[in-house]
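Peer 1: Take this structure first; my questions come after.
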């Protein structure tokens, strides 16, 4: 039993496991540079996690053949016990519930995930009038959208532009705001060439960008990942970027565009209906969705995703061992740099 090291070889093995076994829209985030991979010589696949305090925070499901998932999770539980730590598994889906319940975990809804089926998607019709108006405003302002590596060559110039824009964007959020980590993507890394980056340009100045990462499994396509917007960008810039990417993906025959998890959404006393849930956790997450803007702007993130009229909205879950402790939430917020 061992944990894989952060080597190029281990990341390549992890990528192959994701391509073969994953079906989670956020699976690519398991390749983030600081994320650890638990492996076992007797089981294919891996479990992505990061340690924080007395916890191992798992990201996504067990990325292994379905018939071997219980075995690998059992080994991971043994590993956690040997480290005197508890496991908290994040962004599980409905198909993962029996696996974790059988392993003795309690579960609560963590939020909702949103997806658009591209073969039926169109921005025509009255329901997209406001969206089209915003896109047209950006175009009239002289903004054009290009994809790095397709319309513009990837270069050090654009790498520096993206870094500068990220710093500018972060500064506009407040003096003490930090970049989120762990449950979001990152620029750079061993598989950055698989990330599709669309830029909004005006006279060669980058006004915004969105990166998209690959998704495998039952709903293959891309996930809308990092997005950054200059405070000086005209209205409609981000919508123009996403419309351009949607059209390109659709023309390429891509099946889905996923918008990923919005934490805290759907976590009320009436909407979190999973059997055996903690009512205290449901109440706490519901309060965070309403009053926790400083931690994560759940309401505004959900509004942005809903403007694209996603046809697939599914719950995602958190699983934890034993009684839920506030120290678990605190450590998660620290790990994700939310506080």
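Peer 1: Out of the strands (runs of 3 or more DSSP E) lying entirely within segment 80-193, which hold 2 or more residues that are farther than 24 Å from residue 246 by Cβ and in the same structural domain as residue 327 (by TED's automatic domain parsing)?
Peer 2: On the way: elements: 86-92, 105-117, 144-147.
Result: 86-92, 105-117.
Peer 1: Considering segment 153-178 alone, what residues qualify as being over 26 Å from residue 336 (Cβ atoms) and surrounded by fewer than 16 Cβ atoms within 10 Å (Cβ to Cβ)?
Peer 2: Listed by number, the residues that qualify are 153, 154, 155, 156, 157, 160.
Peer 1: Give me the residue from segment 305-331 that is in a helix (DSSP H, G or I) and outside the structural domain of residue 288 (by TED's automatic domain parsing) and, out of that set, surrounded by the fewest Cβ atoms within 10 Å (Cβ to Cβ). It would help to see each step written out before you state the result.
Peer 2: Taking segment 305-331 as the starting set, the residues that turn out to be in a helix (DSSP H, G or I) are 305-306, 326-331.
Still in the running and outside the structural domain of residue 288 (by TED's automatic domain parsing): 305-306.
On the way: 305: 22, 306: 14.
That would be 306.
Peer 1: Out of segment 124-138, which residues are surrounded by 15 or more Cβ atoms within 10 Å (Cβ to Cβ) and touching a residue at least 60 places away in the same chain (Cβ under 8 Å)? So that I can check it myself, show each step before the final result.
Peer 2: From segment 124-138, those surrounded by 15 or more Cβ atoms within 10 Å (Cβ to Cβ) are 128, 131-132, 134-135, 137-138; that's our starting set.
128, 131, 134, 135, 137, 138, listed by residue number.
Peer 1: Against the definition (part of a helix (DSSP H, G or I), within 24 Å of residue 143 (Cα to Cα) and modelled with pLDDT of 95 or more), how does residue 245 come out, yes or no? Break it down stepwise before answering.
Peer 2: Numbers: part of a helix (DSSP H, G or I): yes; within 24 Å of residue 143 (Cα to Cα): yes; modelled with pLDDT of 95 or more: yes.
Criteria met by residue 245.
Peer 1: May I pose another question? Do any strands (runs of 3 or more DSSP E) entirely within segment 1-62 hold 3 or more residues that are surrounded by 21 or more Cβ atoms within 10 Å (Cβ to Cβ), modelled with pLDDT of 90 or more and touching a helix residue (DSSP H, G or I) at 6+ places or on another chain (Cβ under 9 Å), and if so, which?
Peer 2: On the way: elements: 2-4, 36-40, 43-52, 55-59.
In segment 1-62, the matching strands (runs of 3 or more DSSP E) lie at 36-40, 43-52, 55-59.
Peer 1: Of the conditions (1) part of a helix (DSSP H, G or I); (2) in contact with a strand residue (DSSP E or B) (Cβ under 8 Å, 6 or more places away or on another chain); (3) modelled with pLDDT of 90 or more; (4) over 23 Å from residue 219 (Cβ atoms), residue 300 satisfies every one except a single condition; which number is it?
Peer 2: So the condition that residue 300 fails would be (2).
Peer 1: Quick one: would you say residue 44 is without any contact (Cβ under 8 Å) to a residue 40 or more places away in the chain, out of contact with any strand residue (DSSP E or B) (no Cβ under 9 Å at 6 or more places or on another chain) and closer than 29 Å to residue 212 by Cβ?
Peer 2: Yes: the conditions hold for residue 44.
Peer 1: Tell me which of these residue 149 doesn't satisfy, since it passes every other one: (1) over 16 Å from residue 233 (Cα atoms); (2) over 22 Å from the mean Cα position of the chain (by Cα); (3) surrounded by 12 or more Cβ atoms within 10 Å (Cβ to Cβ); (4) in contact (Cβ under 8 Å) with a residue 60 or more places away in the chain.
Peer 2: Every condition holds for residue 149 apart from (4).
Peer 1: Right, next: What is the one condition in (1) more than 20 Å from residue 123 (Cβ to Cβ); (2) assigned to a loop (DSSP other than H, G, I, E, B) that residue 253 does not satisfy?
Peer 2: (1)
Peer 1: Now for a different question. Looking at 292, 253, which is the one that is touching a helix residue (DSSP H, G or I) at 6+ places or on another chain (Cβ under 8 Å) and without any contact (Cβ under 8 Å) to a residue 40 or more places away in the chain? Lay out the reasoning, then the answer.
Peer 2: On the way: 253 fails: touching a helix residue (DSSP H, G or I) at 6+ places or on another chain (Cβ under 8 Å).
Of the residues listed, the single one that is touching a helix residue (DSSP H, G or I) at 6+ places or on another chain (Cβ under 8 Å) and without any contact (Cβ under 8 Å) to a residue 40 or more places away in the chain is 292.
The values are calculated or read from the model by the stated rules, or taken from the named source; none is laboratory data. The model shown is predicted, which means the values in this text are computed figures rather than measured ones. With ideal geometry, Cβ positions are generated from the backbone for all residues, glycine too; neighbour counts draw on all protein chains shown.
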